[in-house]
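Each remark here refers to the structure printed beneath this line.
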Amino acid sequence: MRYLALLLLITIIFSCDKKEEKKEVPKKVEKKEPIIKEYGFIFNNYKVVRDTIKSGDNLGLIFDKYKLPDSLRTFDVVEKVKDSFNPRMIKIGKPYLLFLDKNHPNELQALVYVKNPIEYAVIDFRDSIHVSNKRKATSLKRRTIAAEIEGSFSETLANAGASPALASRLAKVYEYSIDFFKIQKGDKFCATIYERFIEDSIYAGVESVESTYFKHRGKVFYAFPYKLNPEQNLPDYYDENGNGLKSMFLKAPLDYFRISSRFSGRRFHPVQKRWKAHNGTDYAAATGTPIKTTASGVVERAGYTSGNGNYVKVRHNGTYSTQYLHMSKILVKKGQYVTQGQVIGKVGSTGLATGPHVCYRFWKNGVQVDPLRLQLPSAEPMKKEAKEQYLKYIEPLKKELDSVMTTKFKE
Ligand SMILES: [Zn+2]
């Protein structure tokens, strides 16, 4: 809040400055101004101009509009800063600030290029030329949030005062257990998260999730990120009993979809106009949507038939195979090894299809089955010793979630 007020003030001060520029003799405003400090500069001591990089901009062009101190030439400056400030890293749309001499507003004292909310570069002319790449101080804050689903998940998060970006994180945590397109009013969640703040005041997003609880259609799903092997890059997620949340198969070959036709022994075929079995699940999505292989394996077939259109079949092991039909584009080759979640093609409507969708087919022991009705294998279970350690680790985290849920929802 305080930061916002400051920002507003800065904007007001600047707009005042701009108006003053047009006048012949600028009038001094003798008012007590709050001290504004950012990027290591006390703004009050300069005339500060904020701008963004436009198409065609370069350092030379920006410098040329101002007078550089002493006898520095634009060319020399650009040459000199090259080592620590690659001029090519300047990107259109990125903000920068110019610190001008308050008494000689055409004299450039420093330029701050803002790479992202945390990192910035300073080209300082005040005492010869110095270039420094800096980072704002950041800190992590931990908190537990809980809410009942109202509207979409991201709306619910926003109402709970959390970043809507947390929605996609939690969708990833639960990608094997909960279909986030089916979450409904009455579902509840609770999560202990770490959030990053820049200079203690500016919110910079969710850093990590320490523990979560999700109640979907009356069923409770806990998830705790944990590294069984300390060397693994990213943690895996486990439930309150140490069972992995990951399963051998993804729930669907698309991230965002609508099931337009389920596996059934008898359905009226929309193109052939007759009743026949539908040995697959149709996921409707826009043409070009990436299609992911639901499990790792080897591409057994990648080709075209008049019925399937462009299609890919993946053999996962001796028991399971999956097939993806009607692609607009195939992105893998026969014999290629693919890992779970890898994009193997794009949604289309080639072959016998009325609109863009992927027909997902699933074989178990050579027989086509409905994966939505199968109890599919999950990842390997934890060993006894590892499990004991894990349960000890999650005990206080789980208690914390439970107590927040009890306080908030009396459950
Ligand atoms: Zn189909």
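The values are calculated or read from the model by the stated rules, or taken from the named source; none is laboratory data. Nothing here was measured: the structure is a model prediction, and the numbers come from that model. When we count neighbours, we look across all protein chains shown, and the Cβ atoms used for this are built from the backbone with ideal geometry, even at glycine.
The table for this structure:
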item: Matching residues, region 374-401, being in contact (Cβ under 8 Å) with a residue 24 or more places away in the chain and either in contact with a Cys (Cβ under 6 Å, 6 or more places away or on another chain) or part of a helix (DSSP H, G or I) (or both); result: ALA386, LYS387, TYR390, LEU391, TYR393, ILE394, LEU397, LYS398, GLU400, LEU401
item: Condition check for TYR393: buried (at least 16 other Cβ atoms within 10 Å of the Cβ) and either out of contact with any helix residue (DSSP H, G or I) (no Cβ under 7 Å at 6 or more places or on another chain) or of a type in the set (Asp, Glu) (or both); result: no
item: Failed item in (1) within 27 Å of VAL173 (Cβ to Cβ); (2) among the aliphatic types (A, V, I, L, M); (3) within 14 Å of the ligand (Cβ to nearest atom), with ALA386 passing the rest; result: (3)
item: Hits in region 72-115 - residues which are polar (S, T, N, Q) and in a helix (DSSP H, G or I); result: THR74
item: Wholly within region 280-366, strands (runs of 3 or more DSSP E) carrying at least 1 residues that are farther than 11 Å from PRO253 by Cβ and not polar (S, T, N, Q); result: 281-284, 297-305, 309-315, 320-327, 343-346, 357-364
item: Hits in region 245-273 (condition: within 14 Å of the ligand (Cβ to nearest atom) and under 28 Å from the mean Cα position of the chain (by Cα)); result: ALA252, PRO253, LEU254, PHE257, ARG258, ILE259, SER260
item: Conditions (1) more than 16 Å from the ligand (Cβ to nearest atom); (2) more than 29 Å from the chain's Cα centre (by Cα); (3) aromatic (Phe, Trp, Tyr): number failed by TYR337; result: (2)
item: Conditions (1) under 29 Å from the mean Cα position of the chain (by Cα); (2) under 28 Å from PRO377 (Cα atoms); (3) polar (S, T, N, Q); (4) surrounded by 14 or more Cβ atoms within 10 Å (Cβ to Cβ); number of the one not met by ASN279; result: (1)
item: Residues of region 357-372 classified as more than 16 Å from the ligand (Cβ to nearest atom) and either of a type in the set (Val, Ile, Thr) or at negative phi (or both), total; result: 2
item: Region 112-165, residues that are at pLDDT 85 or above, touching a helix residue (DSSP H, G or I) at 6+ places or on another chain (Cβ under 6 Å) and outside the structural domain of GLU38 (by TED's automatic domain parsing); result: THR144, ALA146, ALA147, ILE149, GLU150, PHE153, SER154, LEU157
item: Region 274-314, residues that are at pLDDT below 90 and within 13 Å of the ligand (Cβ to nearest atom); result: LYS276, ALA277, HIS278, ASN279
item: Among (1) away from the ligand (no atom under 16 Å from the Cβ); (2) assigned by TED's automatic domain parsing to the domain that holds ASN310; (3) in contact with a Cys (Cβ under 7 Å, 6 or more places away or on another chain) - the single one ILE344 does not satisfy; result: (3)
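Residue-by-condition table, conditions (1) at pLDDT below 90; (2) of a type in the set (Asp, Glu); (3) in a strand (DSSP E or B); (4) under 20 Å from the mean Cα position of the chain (by Cα):
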{"site": "ASP179", "(1), (2), (3), (4)": "yes, yes, no, yes"}
{"site": "TYR194", "(1), (2), (3), (4)": "no, no, yes, yes"}
{"site": "GLY205", "(1), (2), (3), (4)": "yes, no, yes, yes"}
{"site": "SER208", "(1), (2), (3), (4)": "no, no, yes, yes"}
{"site": "SER211", "(1), (2), (3), (4)": "no, no, yes, yes"}
{"site": "PHE214", "(1), (2), (3), (4)": "no, no, yes, no"}
{"site": "GLU231", "(1), (2), (3), (4)": "yes, yes, no, no"}
